[in-house]
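Visitor: My questions will all concern the structure given below.
Derivation of every value follows stated rules applied to the coordinates shown; laboratory data play no part. What you see is a predicted model; the values in this text were computed from it and never measured. Cβ: placed from backbone, ideal geometry, glycine included. Neighbour counts: every protein chain shown.
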Amino acid sequence: MSIKIQNILAGALILTGFLYFIRNQELQTTLLGAAFFIYGIFAVLFSFGTSKHGILILGVFLFLTGLELLLPLFYVINYSAGYFATSVFFILGAANLMLFLSARELKFHLFLGILLIVVSFLIPHSQTFWPVDLAVDKTVMILVNIWPVILIIAGVGILTSRKTGN
């Protein structure tokens, strides 16, 4: 990753982490969703078909997460049981499918993506998955509380791990 892209990514992560201090919850969610959505589009655009698989998965994950954050602005969403687990498994499945589409030799990701998407549809409809749903919901609630710290640490980590650019 070039120094310029590294600096942009680090700055974006740090600024996004500081969104936590905006007290208007709707504005905070809108800005975070828009930042994730836009970053995801560009990350996928520039990494699709290349060997930058980590950036591709991160881009798909952030794009879909940003989309999920922006959807409640336009639609009423019922946050029922299994909502977070369904979202997490669907997003991870979509990221794996996108990785397979980018590099066809990674056939494992095709099967893993399909499996994760099928599980995401089964979670709200089957009592067998309630432990998975509970674990994912607890993990998401922890991450919701510490996301600014994670993003600021990641941004500072990128800034301090200076490697020569490509």
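Visitor: With springs only between Cα atoms under 10 Å, which of L151, L45, L92 fluctuates most in a Gaussian network model of the chain?
Guide: For the chain, modelled as a Gaussian network with Cα springs under 10 Å, the answer is L45.
Visitor: State the answer as a single residue: which of N24, F100, P72 lies farthest towards the positive end of the charge dipole of the chain, with beta carbon charges of +1 for Lys and Arg and -1 for Asp and Glu, about the Cα centre.
Guide: The residue sitting farthest along the positive end of the dipole is F100.
Visitor: Nearest 20 debye, what's the magnitude of the dipole of the chain about its Cα centre given +1 on Lys and Arg Cβ and -1 on Asp and Glu Cβ?
Guide: In debye, rounded to 20, the chain gives about 560.
Visitor: Taking the square root of 5 times each eigenvalue of the Cα gyration tensor, what semi-axes in Å does the equivalent ellipsoid of the stretch 3-160 have, largest first? Kindly include the intermediate steps, with their values, before the conclusion.
Guide: Working: eigenvalues 129, 104, 36 Å².
Semi-axes, largest first: 25, 23, 13 Å.
Visitor: Right, something else. State whether the stretch 1-76 is rounded, prolate or oblate according to the following rule on the C-alpha gyration tensor (a ≥ b ≥ c being the square roots of its eigenvalues): a/c under 1.5 gives rounded; otherwise a/b larger than b/c gives prolate, and the remaining case gives oblate.
Guide: oblate
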